[in-house]
Structures are given as structure tokens and as C-alpha cells.
Amino acid sequence: MSAPRIFIDADACPVKAEVYRVAERYGLTVLVVSNSWIQTPRTAWIEQIVVDAGPDVADDWIAERAGAGDIVITADIPLADRCLKAGAQALKSNGQAFTPDSIGSALAGRMVGEHLRSMGVATSGPPPFGPKDRSAFLQALDQAVVRAKRGAR
């Protein structure tokens, strides 16, 4: 098995710098996938992928390539589901891991929210991102990398 890679669903990701720090420490490749150019550090282990604009184009690119041992950073629940099914780990930017046990209820909650919004009901978005989220993310990503490297042996 090859070394784990980290995929970032980057258009609205607030923890790119944290991903770069962890990836550098462990010697991992980072693929930064977005619909438009995003400034990234110029280094051989960070690859920027700019996909065509459109719904789910970046998600499709990631889902088609992420596999066993990889880690995907995303808030997109359907993308996380696809990546989990391919054997990858998926983390939100607040450090919460999507798991095979939790993804079903996350998808159901997303569907309920979409239904309520389509009926004109105002729903609240996620809570504001703060320092505790950043710290929780760093810890969760470090643990995910350790799990991925353990599985790569």
C-alpha cells in the first residue's frame, strides 16, 4: 500500500494551513482541490488541482481518486460518504470524523435540512469556527494520519 495522501475540498476550508503543517511533519502529499485558484505554499508535496466550475465537480474529482489509506478534509456529507465507501477517512474542519456508523444519520439530517429550506423554513448554519475547532482538527488529523500510516504497513 502506498503512503497516505490528504485531499482538501478547499473552496471553503478554514484549516488548510493546519493540514500543510501536519503533512509536512509526516512527509505526506496534499492535494488541494478547488473550483478556482487558491494560493498554496510552493513545495513539491502540495499539489493544487483547479477543476471546472460547477456543482460537485471538485467533489467528483476527489471521490474518484481517494481510496484506502487516504484522508479527505471536507464539510460535504455526500462526498464524505463516497470517500468512506472507497476506504478513505473523512474529517470536518472542526475535527469531527465521519464514520461508517455516523454517515447515515448525517445524510438524513442533511436531507431534512434541505427539505425544510425548500419549504421556506429558515434553518441555522453551522456554529462559527473558532480556536477550539482548530485545535480539535489538528488532534483529529494527527490521529487520522497515524491510523492511515498504520494501515499502510
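Structure above, values below:
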| read-out | value |
| --- | --- |
| Residue 124 being farther than 17 Å from residue 29 by Cα and modelled with pLDDT of 90 or more | no |
| Residues that are open to solvent by 10 Å² or more (accessible area, probe 1.4 Å), without any contact (Cβ under 8 Å) to a residue 60 or more places away in the chain and within 12 Å of the chain's Cα centre (by Cα), drawn from the range 3-30 | 11, 16 |
| The range 139-153, residues that are under 13 Å from residue 96 (Cβ atoms), open to solvent by 40 Å² or more (accessible area, probe 1.4 Å) and touching a residue at least 40 places away in the same chain (Cβ under 8 Å) | 139 |
| Positions within the range 37-61 being of a type in the set (Gly, Ala, Ser), open to solvent by less than 90 Å² (accessible area, probe 1.4 Å) and in a loop (DSSP other than H, G, I, E, B), in sequence order | 53, 54 |
| Condition check for residue 76: over 17 Å from residue 143 (Cβ atoms), open to solvent by 60 Å² or more (accessible area, probe 1.4 Å) and at pLDDT below 95 | no |
| Residue ID - modelled with the highest pLDDT, chosen from residues in the range 85-106 that are surrounded by 14 or more Cβ atoms within 10 Å (Cβ to Cβ) and part of a helix (DSSP H, G or I) | 103 |
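The values are calculated or read from the model by the stated rules, or taken from the named source; none is laboratory data. It should be emphasised that the depicted structure is a prediction, and the values quoted were computed from it without experimental measurement. So basically every Cβ, Gly included, is an ideal-geometry build from the backbone, and we count neighbours across all protein chains shown. All accessible areas refer to the heavy atoms of the entire protein, side chains included, with ligands and DNA or RNA removed. Shrake-Rupley method; radii C 1.70, N 1.55, O 1.52, S 1.80 Å.
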